[in-house]
Amino acid sequence: MKTVIIGNGIVALTIAFRLTQRGNPADEIVIVGGRQRPSSATLAAAAMLNSYAEIEAGSLDSELDRYRFELSRDATAAWRSFEEELSASVGGDSSRFGAQSAAGRVSRGTFIVNNTATDDLEDESFEAIVAALDHYQEPYQWVSPRDIPQYNPRQRTRALRAILIENEGWLNPRLTLEKLDFVLQQDVRVTVLDTEARRLLATDGRVSGAELDDGTIVDGDRFLLAAGATVSDILRASDLGLSVQRVFSGVGTSIEIKSPEFALTACIRTPNRGLACGVYSAPYPGAPGEDQDHVLIGASNFISPDRVTRPRLSAVDNLLRNVIDQINSNYYRAELVRVNVGLRPSSQDTYPMLGQTEIPNFFIATGTKRDGFHLSPLISTILADIMDGKAVDPRFSALRPDRPLIRALSRQQAIDKAVRHTINAAYQHGFAPPDGRLDDQIAKLHRDNFERLHDQVGAHDWGIPPEMLDMYRYGHAVA
Ligand SMILES: Cc1cc2nc3c(=O)[nH]c(=O)nc-3n(C[C@H](O)[C@H](O)[C@H](O)COP(=O)(O)OP(=O)(O)OC[C@H]3O[C@@H](n4cnc5c(N)ncnc54)[C@H](O)[C@@H]3O)c2cc1C
């Protein structure tokens, strides 16, 4: 069996790893992806293994959302054994990849701080996180914000309440990718091609080949498209006759800093806010012999139809200001190591796209948006099962890549949510209404605007996912 995998981020490589773990000695795997991984989301990630910390008010209301949350919780548990397996595959060389290579060692501990930097939407999300922790009996502790190590915000943006989620941790994604690269390259069955795929070719109702940038055709028995945010570009060029919703770029900037005096021992973050993941700082230790005192701060988000390659100045400016104001004011004297820009694969309906398509030998894995790193041990197991024709939980088929758009929100819910998040985002960017009713008036302007957009695109009995409003407004997303 020859499998061709297009893409080389965490999703593609963990699936490749799973297939090598299970496959027979005659199997072949070809991985197509540029060595530099331009705009890879994985390289820009923290990478936090958050599931409860990602909850927002209303985010567990539907059955599908609760199933997605179940997957997220299972992924947290899967990381321990996944790390063990990966370390065992690295063998004697495991120490070169650092502390996280020690079998099964995933660093844990995430502090959630509830501050007043934005509006009370964030209080609701904080309370939703606590309610879910209680409901699912997940261990956590209330802590005084003053006792959080390396939490030293400016006085006016300090938190008055905080919790520690004990089991939510982080990994350095660059080291994890290096480790996967190393293991896969040692495997004689795996060929890695340092280039990109232009399109896929079909013959007799099956995908038969991938055309590379230099025109070479790679043939195979089955094909997995896991190229993150660029999946739609490849599908558009391929003409496979499939109806697959569009995947956009959730353009995210994160910044790596070096802060010897204020090295972190756990993640510190706010709840999600303004359609993004809030402000956070995560430990970012290097490999042995490298600095262990780096910190990753993040993250911005805007949705784009393009393959953006450079961060916006405003994203960098906001991140630096927010992390100094809201996490540690001493970071003003930290050193700048690197600015990352990564494209979160963000599907039009905002749900992951995972599984087999109507073309039996063609599979897609993308759309993981904000938590693809965290989900990867689980996604890789399920996708490998699907590719090998094994039965999986029937609920997983709701995420199949060529599904009709999932319309999770009613029009009213979507508009309410869009207004709340837009105002919240304005507070993040310095909105300070004067005395009077300007904030109510601005909320009304946004509401009218979103109502009109819903009418224009024919969204009478369904809601546009708030993060996709601009994609509908400018015609990039079609109802
Ligand atoms: C700033 C930021 C912070 C984040 N933080 C977290 C976090 O803390 N925790 C978490 O779980 N997730 C986080 N995420 C989300 C996570 O990074 C993504 O969900 C995940 O990395 C997606 O993995 P992927 O393999 O699908 O995509 P990618 O990592 O983008 O990989 C796709 C790869 O395919 C390659 N490629 C593109 N086109 C082609 C082609 N035509 N042919 C071949 N190869 C191609 C790309 O160069 C790239 O290397 C974050 C994302 C960002 C941007």
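The values are calculated or read from the model by the stated rules, or taken from the named source; none is laboratory data. All of these numbers come straight from a predicted model, not from anything done at the bench. In this analysis, Cβ positions are derived from the backbone assuming ideal geometry, glycine residues included, and neighbour counts consider all displayed protein chains. Protein only, heavy atoms only, side chains kept; ligands, DNA and RNA dropped before computing areas. Shrake-Rupley method; radii C 1.70, N 1.55, O 1.52, S 1.80 Å.
Could you check the range 1-20 and list, in sequence order, the residues that are open to solvent by 20 Å² or more (accessible area, probe 1.4 Å) and either more than 6 Å from the ligand (Cβ to nearest atom) or free of Cβ contacts under 8 Å to residues at least 40 places away in the same chain (or both)?
Those that are open to solvent by 20 Å² or more (accessible area, probe 1.4 Å) and either more than 6 Å from the ligand (Cβ to nearest atom) or free of Cβ contacts under 8 Å to residues at least 40 places away in the same chain (or both): MET1, LYS2, ARG18.
Kindly indicate which of SER208, SER232 is under 20 Å from GLY7 (Cβ atoms), open to solvent by less than 50 Å² (accessible area, probe 1.4 Å), within 11 Å of the ligand (Cβ to nearest atom) and at pLDDT 95 or above. Before you say what the answer is, go through the steps one by one.
Values: SER208 fails: within 11 Å of the ligand (Cβ to nearest atom).
Residue meeting the stated conditions: SER232.
For THR195, are the conditions met, namely being outside the structural domain of THR270 (by TED's automatic domain parsing), near the ligand (Cβ under 10 Å from one of its atoms) and in contact with a strand residue (DSSP E or B) (Cβ under 6 Å, 6 or more places away or on another chain)?
Numbers: outside the structural domain of THR270 (by TED's automatic domain parsing): yes; near the ligand (Cβ under 10 Å from one of its atoms): yes; in contact with a strand residue (DSSP E or B) (Cβ under 6 Å, 6 or more places away or on another chain): yes.
Spelling it out, THR195 is indeed outside the structural domain of THR270 (by TED's automatic domain parsing), near the ligand (Cβ under 10 Å from one of its atoms) and in contact with a strand residue (DSSP E or B) (Cβ under 6 Å, 6 or more places away or on another chain).
For the range 235-267, name all the residues that are within 30 Å of TYR332 (Cβ to Cβ) and either within 13 Å of the ligand (Cβ to nearest atom) or among the acidic types (Asp, Glu) (or both). Spell out the reasoning first.
If we filter the range 235-267 for residues that are within 30 Å of TYR332 (Cβ to Cβ), which is where we start, we get 250-267.
Result: GLY250, VAL251, GLY252, THR253, SER254, ILE255, GLU256, GLU261, CYS267.
Residues of the range 166-187 being open to solvent by less than 30 Å² (accessible area, probe 1.4 Å) and touching a Pro at 6+ places or on another chain (Cβ under 8 Å), which ones?
Correct list: TRP170, ASN172.
For the range 19-76, which positions are of a type in the set (Val, Ile, Thr) and in a loop (DSSP other than H, G, I, E, B)? Give the derivation first.
In the first step, residues of the range 19-76 are kept if they are of a type in the set (Val, Ile, Thr); the result is 20, 29-32, 42, 55, 76.
Passing the criteria: only ILE55.
Here are some residues: VAL190, VAL130, VAL143. Which one is among the β-branched types (Val, Ile, Thr) and touching a helix residue (DSSP H, G or I) at 6+ places or on another chain (Cβ under 6 Å)?
Numbers: VAL130 fails: touching a helix residue (DSSP H, G or I) at 6+ places or on another chain (Cβ under 6 Å); VAL143 fails: touching a helix residue (DSSP H, G or I) at 6+ places or on another chain (Cβ under 6 Å).
Of the residues listed, the single one that is among the β-branched types (Val, Ile, Thr) and touching a helix residue (DSSP H, G or I) at 6+ places or on another chain (Cβ under 6 Å) is VAL190.
Out of ALA12, ALA53, which single residue is at negative phi, in the same structural domain as SER281 (by TED's automatic domain parsing) and touching a helix residue (DSSP H, G or I) at 6+ places or on another chain (Cβ under 9 Å)?
Values: ALA12 fails: in the same structural domain as SER281 (by TED's automatic domain parsing).
Of ALA12, ALA53, the one residue that is at negative phi, in the same structural domain as SER281 (by TED's automatic domain parsing) and touching a helix residue (DSSP H, G or I) at 6+ places or on another chain (Cβ under 9 Å) is ALA53.
Somewhere in the range 354-362, is a residue more than 10 Å from the ligand (Cβ to nearest atom), farther than 21 Å from ALA44 by Cα and in contact with a Ser or Thr (Cβ under 6 Å, 6 or more places away or on another chain)?
For the range 354-362, residues more than 10 Å from the ligand (Cβ to nearest atom), farther than 21 Å from ALA44 by Cα and in contact with a Ser or Thr (Cβ under 6 Å, 6 or more places away or on another chain): absent.
Of the conditions (1) modelled with pLDDT of 95 or more; (2) more than 9 Å from the ligand (Cβ to nearest atom), GLY33 clears all except one; give me its number.
All conditions are met except number (2).
(1) among the aliphatic types (A, V, I, L, M); (2) at pLDDT 95 or above; (3) within 16 Å of the ligand (Cβ to nearest atom); (4) open to solvent by 20 Å² or more (accessible area, probe 1.4 Å): which one isn't true of LEU64, the others all being true?
Of the numbered conditions (1) among the aliphatic types (A, V, I, L, M); (2) at pLDDT 95 or above; (3) within 16 Å of the ligand (Cβ to nearest atom); (4) open to solvent by 20 Å² or more (accessible area, probe 1.4 Å), the odd one out for LEU64 is (3).
Restricting to helices (runs of 4 or more DSSP H) lying wholly in the range 354-472: which have 3 or more residues that are of a type outside the set (A, V, I, L, M) and open to solvent by less than 10 Å² (accessible area, probe 1.4 Å)?
Values: elements: 372-387, 411-428, 438-456.
By residue number, 372-387.
Give me the pairs: first residue in the range 368-380 and among the aliphatic types (A, V, I, L, M) and near the ligand (Cβ under 6 Å from one of its atoms), second residue open to solvent by 20 Å² or more (accessible area, probe 1.4 Å) and not in a helix (DSSP H, G or I), beta-carbon distance under 8 Å, and six or more apart or on different chains, which are they?
If the second residue must be open to solvent by 20 Å² or more (accessible area, probe 1.4 Å) and not in a helix (DSSP H, G or I), no pairs are left.
Does the range 27-45 hold any residues that are within 19 Å of VAL251 (Cα to Cα) and not hydrophobic (A, V, I, L, M, F, W, C), and which are they?
First, pick out the residues of the range 27-45 that are within 19 Å of VAL251 (Cα to Cα): 36-45.
Residues satisfying the conditions are GLN36, ARG37, PRO38, SER39, SER40, THR42.
Among VAL323, VAL316, VAL308, which is the only one that is within 24 Å of LEU160 (Cα to Cα) and within 14 Å of the ligand (Cβ to nearest atom)? Working first, answer last.
Working: VAL316 fails: within 24 Å of LEU160 (Cα to Cα); VAL308 fails: within 24 Å of LEU160 (Cα to Cα).
Every option except VAL323 fails the conditions.
Would you pick out the residues in the range 235-256 that are open to solvent by less than 10 Å² (accessible area, probe 1.4 Å) and among the aliphatic types (A, V, I, L, M)?
The answer is VAL247, VAL251, ILE255.
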